1. Can you tell me which residue among LEU175, LEU144 is open to solvent by 30 Å² or more (accessible area, probe 1.4 Å) and farther than 25 Å from CYS411 by Cβ?
2. So, LEU240, is that one touching a strand residue (DSSP E or B) at 6+ places or on another chain (Cβ under 7 Å), in contact (Cβ under 8 Å) with a residue 60 or more places away in the chain and either among the hydrophobic types (A, V, I, L, M, F, W, C) or open to solvent by 50 Å² or more (accessible area, probe 1.4 Å) (or both) or not?
3. Please tell me if ALA270 is open to solvent by 30 Å² or more (accessible area, probe 1.4 Å) and more than 22 Å from LEU221 (Cβ to Cβ).
4. So which of ASP403, ASP366 ends up being at pLDDT below 90 and of a type in the set (Asp, Glu)?
5. Scanning for something in a loop (DSSP other than H, G, I, E, B), at pLDDT 90 or above and under 32 Å from the mean Cα position of the chain (by Cα), does the range 255-263 turn up at least one residue?
6. Pick from THR108, THR93: which is assigned to a helix (DSSP H, G or I) and in contact with a Gly (Cβ under 6 Å, 6 or more places away or on another chain)?
7. Restrict the check to the range 572-582 and report whether at least one residue is at pLDDT 80 or above, among the small types (Gly, Ala, Ser) and over 56 Å from the mean Cα position of the chain (by Cα).
8. Filtering the range 404-418 down to residues that are touching a residue at least 60 places away in the same chain (Cβ under 8 Å) and assigned to a loop (DSSP other than H, G, I, E, B), which residue is most open to solvent (accessible area, probe 1.4 Å)?
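The values are calculated or read from the model by the stated rules, or taken from the named source; none is laboratory data. Bear in mind the structure is a predicted one, so any value in this text is a computation, not a measurement. Heads up, the Cβs are rebuilt from the backbone with ideal geometry, glycines too, and the neighbour counts pull from every protein chain shown. Each accessible area value is taken on the protein alone, full model and side chains, heavy atoms only, with ligands, DNA and RNA left out. Shrake-Rupley method; radii C 1.70, N 1.55, O 1.52, S 1.80 Å.
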Amino acid sequence: MKLYCLSGHPTLPCNVLKFKSTTIMLDCGLDTTAALYFLPLPLVHSPRLSKLPGWVSKDGAINLEKKELLDLSTIDVILISNYHCMMALPYITEHTGFTGTVYATEPTLQIGRLLMEELVTFMERVPKAHAATCWKNKEIQRLLPAPLKDAVDVWSWRKCYSMQEVNSALSKVQLVGYSQKVELFGAVQVTPLSSGYSLGSSNWIIQSHYEKVSYVSGSSLLTTHPQPMEQSSLKNSDVLILTGLTQIPTANPDGMLGEFCSNLAMTIRAGGNVLVPCYSSGVIYDLLECLYQFMDSANLGTTPFYFISPVANSSLEFSQIFAEWLCQNKQSKVYLPEPPFPHAELIQTNKLKHYPSIHGDFSKPDFSYLDALAPYQPLAMKCVYCPIDTRLNFHQVSKLLKDIQPLHVVCPEPYTQPPPAQPHRSDLMLELQPPPMAYRRCSVLGLPFRRRYERIQLLPELAKSLVPSEIKAGVSVATVSAVLQSKDNKHVLQVSDRCPKPAPVPPSKKRKRVMEEAPETLNPKPLLSGAVPLEPFLAMLYKNGIREVKVEETTDGHILHLQAEDVLIQLEEDATHIICDNNEPLRTALRDLVLHFLQKL
C-alpha cells in the first residue's frame, strides 16, 4: 500500500492511495496563491498600476520534459471531502485521460459548482489579449523579481478552465450520502462520514475485510450550521491520513468573531463602511446570522448588508434547501416550518441585498491579506485581520486521536514541527506515539501495514461435503479439496466439477492472452494431526521386536537410535523423521507404527 502526495498545501490536499489494486485520489484542491506573484487585473482603469514599468517577453519556444509522479489516467476513483477541495477537478478529469468515477455528497457538488462558476467569472470578466510564456524559461525567470524568480514548476501552471470543462467534470460525479457504503471493484469499500466543517463535508473510510484506512480532511468539532462530526466510525483504523487543519491555530474563532463585531460596530458608528472578504459559501452563513443578532443588540438594526458575488443568490438559496445536511437545531426549524437561516427575512426587509458584481477587488481568506493589499498601498481605509477558521486545531486533533486511537497517523510535514516564526511553540505541532509519518509534495510513502488475510466464499455444496474431526476439546478441523476461482476481487471455493472450462477460442491473427485450462483435481493425501508419545511408542517398538533403543533428549523433542537396525527416529512437536538407509521394508514398518498414534483428517 502506497500514498502518493501531489500537493504541498496542507489545507488544499491532493493525495493518491494505492490499496488492493485500486487507485484512489483523495481530494484535488487548487492552490491559487501563485496569483499573488502578479499584479491584479483591475476592472476599471487604474492610473497607479498603468504607470508601473512593464516587461515584454521576446519570441521563442521552450520545450521542457514533463515529469509526473503518477500517471493520472490510471486513477480509478476520486473522493471529495468538501467543496473547497475539488477546485482542480476539471484539470484532472478533462486533461489527463481520466475515465473513473468521482464520489461526493450533493451539497459538495452543488456548492462546488458555484465556487467554480465564481472563479471562471472572475477570470473571464477581465480578458487578456496576449499570453506570455517565454518568461518561464529558467534563464529568463532567474532575472525576474522575487517571488517569481523563486517559483518552482512554472511550466505546470495553466490558465483557468472554462464553464464547459466545469460542466463536463461535474457530470462524472456520483452522489453519495453519509454512511452510504460504496463497493469499488469488489476490492474495497468506501464510506463518507460527516466532518462537521461545511454543508456536505465528509471524512472517508476506506476498508477491505481486514484493513481499514481513515481519511480525515477539513473537520470541525465546533457547533456551526453543518451536521456534527462523526467520530465513532473512525475507531480501529490501521492508518489515519490527516490533513486540512486550521490555517490559524493561534486564533480562536469565537474570539475572532467578537473582535470582528466590535470593530464593525465602531466603524459604523463613526459613519464608515465595512468591506468583508470571504468565501461565498460556508462560514458566511453563520457570519450573517451572528451579525444580524449583534446588530440588533447594538441598536444598529437599520444598517444594510450587501452580499456581492456572481453566485450570491444561488448560495443563499442552497443553504436553505439542504435541510437534511444541517445540524439538528436547524433541521427542527424546517418542520415548524421556518427557514433554518434568517437570510429570507433579511432579504424581505431589505436588510440583506445581493449583487452579482461590483467594480473592485476582493481577497480570499486563503491569501495573506498583507500580500493581497500590497499593490494598493497606501490605503486610506483601516484594515483589521480577523480570520475565522473553524477547522480542527492541534489541541482538538490531539484529543480526537487519543479517542479513536489509530495504529498509524500520516500527515503533512508542517504538522510535525512548530511554525518557523514560532519555533518554541511545541503546542502547535502533533506529538504522538508512535510519531506520525510525515509527507511532503512529490513524496511517496509506503504505509506501515501489510495485507495478511483475504476473505474466501465457500459454496454450500462444498460445505456439505466437509467432515470435521475434533482434534482437541472444542476444536474441529476439516480438509478441503476444491478449485479457487477469483473474479472482480472476489474469491470462491467450489467443487472442481462445477468449475466451467473456458470456451474454445477461434483462431485469430491478433495476439491474445493464453487461456489456461482448469487444473485437474487429484485425490489429496490425508492430513495428520496429533503427537507421538515417547513411552507408548517405545512399548510399541518392543512389542514388534525392536529392543535395543537408545533415547536422547533434545530441545525439540527426542532422538531414538535403533542400534541393531542402525536407524534414527526424530520425534518433534510438529514433525517426525525416520532416517533409514537401504531398508525400505523397515522404513515402511516404522512409518506404520508412527501412524498408529496419529489421527487422519
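1. The conditions single out LEU175.
2. Numbers: touching a strand residue (DSSP E or B) at 6+ places or on another chain (Cβ under 7 Å): yes; in contact (Cβ under 8 Å) with a residue 60 or more places away in the chain: yes; either among the hydrophobic types (A, V, I, L, M, F, W, C) or open to solvent by 50 Å² or more (accessible area, probe 1.4 Å) (or both): yes.
Taking the combined requirement at face value, the residue satisfies it.
3. For ALA270, the condition - open to solvent by 30 Å² or more (accessible area, probe 1.4 Å) and more than 22 Å from LEU221 (Cβ to Cβ) - is met.
4. Testing whether each residue is at pLDDT below 90 and of a type in the set (Asp, Glu) leaves just ASP366.
5. Looking for residues that are in a loop (DSSP other than H, G, I, E, B), at pLDDT 90 or above and under 32 Å from the mean Cα position of the chain (by Cα), one finds none in the range 255-263, hence no.
6. THR108
7. no
8. Ranking the candidates gives GLN405 first.
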